[in-house]
Amino acid sequence: AVYRIHLTHRQDDNNPARSAAVQPATLIMKVIDSSPGNRAVFKPLHEREVLFYNEIAPVLDLASVPKCYYAHFDEEAGKGTILLEDAGKPTHKGGLQKDGFETLTASQAVLAMTELGRFHGRSIALSSKLPRDLSRPLDRSIEEIRAAFPSFKKTWTPLLGEEVIGRYERALEAYEKVWLVQKDTFVQGLVHGDYRLGNIIFSAEDGQRDNVPDRDGDDLDNAHAFESGVKTSVARGYQEATTSNGDSQPGTVAKSPKGLVTPGIPTTSNDTTINGNASPNNHPNTPTKLFTFKHVDWQTVSRGPVLFDVAYLLSMSITTETRRGCEFDLVHAWYTACREAAGAGNDQFFLSADLNISPCVREISAACVAVVLVSVTTMNNFRAPEVPMRAVAGKLRTVSEMLVDWRSFE
Amino acid sequence: ITAEWLNAKLGINTIEHISLQ
């Protein structure tokens, strides 16, 4: 269960410096389920999240990660508690709506990818200062996925049809041949592990919903105002150099796979080159209405192929139409931010000097296979009377379309 | 545990139940 606690502060005449402005006004309290049946599952997730907040987040120093004020696991009661900085009231509702799943706008997705690239880049640059033992906590074995597939197929074939189920079957084959064989050779860093809308909180700083639309991709004016607000807000938290990383190699843009098109969305963040060389005036000082942007729920953070997170967001949080319209921009936003963050302030550039977008596209394509199979193990016996099956089926179809567009089987 | 229960238990009214998932 997750609670927001509104705080009031006692007047402290002896210490006027501790004004209300520098004290939190709200806290988030996460309480981990302590029922015996769930304890074995939740305890490692709780420990993983606490490790992230206590030991990893301070090293990464990202403004987009909420502060953790307190964490404790009571072994006897089997109960874990985490107190976090409030990530704000989301400008999106998140989760399942009446007619489908809520998705990110194109502009929100660009921001999310940029911040994700920053997280990955910093984790690569600061790798030696982070805990070594961070293997994926809940890695699904091929046996588990194979075992789950028959009931997944039985549940969803009537709603998805043979063609879509066929994509899942091919993904099952490709999991061993493509993903498991290659994943350890892909760009390695910290992986959020569950990087989708719901774990990315966009919110107005004053806590209002501010009429930011919940529709995907169709109110770009509002989204751009929103984007510029987030940029200002995020920029306040970053003091990194935005100068060149010294890489003079010409960037090579991958030949776009089928479905990847140069986008039509205008963004104000295109002032960096493909080499990650930023233009001098990257962070606008013009104050705009501020928005906050937080990544939450670090229960599945691990070391691994970072482009898994990119594939996860592209598959799970954007409509097919929005994704097809801007996915090259999204990958480019991730790539640029990752290179900048990996290079900033470090003598050694940890990303391979010859890494360009082309291998990134290949790694995302392979990661799609792993991402869609998350659906199989989590939705194999899905039955929930309160949730429209048709909406979930629409989501599963959207997820499967990544496999085709990104030619994940080749 | 509901927010109402927590508020009553603590004698406050500043806790709301939210979902970050």
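The values are calculated or read from the model by the stated rules, or taken from the named source; none is laboratory data. Bear in mind the structure is a predicted one, so any value in this text is a computation, not a measurement. FYI the Cβ positions are ideal-geometry reconstructions off the backbone, even for glycines, and counts take in every protein chain you see.
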### Query
Applying the selection to the range B:3-12, what residues are on the phi < 0 side of the Ramachandran plot and more than 9 Å from every other protein chain (Cβ to nearest Cβ)?
B:GLU4, B:TRP5, B:ASN7, B:ALA8, B:LYS9, B:LEU10
### Task
Filter the range A:165-187 for residues that are among the β-branched types (Val, Ile, Thr) and either at pLDDT 95 or above or closer than 12 Å to A:ALA367 by Cα (or both) and give the result.
A:ILE165, A:VAL178, A:VAL181, A:VAL187
### Task
Check whether at least one residue in the range A:176-187 is touching a Lys or Arg at 6+ places or on another chain (Cβ under 8 Å) and either under 27 Å from A:PRO388 (Cβ atoms) or outside any loop (DSSP other than H, G, I, E, B) (or both), and report yes or no.
no
### Query
Only one of A:GLU340, A:GLU321, A:GLU327 is among the charged types (D, E, K, R), assigned to a helix (DSSP H, G or I) and either in contact with a Cys (Cβ under 9 Å, 6 or more places away or on another chain) or surrounded by fewer than 23 Cβ atoms within 10 Å (Cβ to Cβ) (or both); which?
A:GLU321
### Query
From the list A:ALA71, A:ALA63, which one is in a loop (DSSP other than H, G, I, E, B), in contact with a helix residue (DSSP H, G or I) (Cβ under 7 Å, 6 or more places away or on another chain), away from chain B (no Cβ under 14 Å) and modelled with pLDDT of 85 or more?
A:ALA63
## Note on the structure
Within the range A:25-68, residues being of a type in the set (Phe, Trp, Tyr) and over 15 Å from A:LEU134 (Cβ atoms) number 1
### Summary
Over the range A:69-109, the set of residues within 29 Å of A:SER128 (Cα to Cα) and under 19 Å from the mean Cα position of the chain (by Cα) is A:LEU84, A:GLU85, A:ALA87
### Query
Counting only residues that are over 16 Å from A:GLY343 (Cα atoms), in contact with a Phe, Trp or Tyr (Cβ under 9 Å, 6 or more places away or on another chain) and buried (at least 20 other Cβ atoms within 10 Å of the Cβ), how many does the range A:103-150 have?
8
### Residue under evaluation A:VAL31, criteria (1) in contact with a His (Cβ under 9 Å, 6 or more places away or on another chain); (2) within 14 Å of chain B (Cβ to nearest Cβ); (3) modelled with pLDDT under 90, criterion not met
(1)
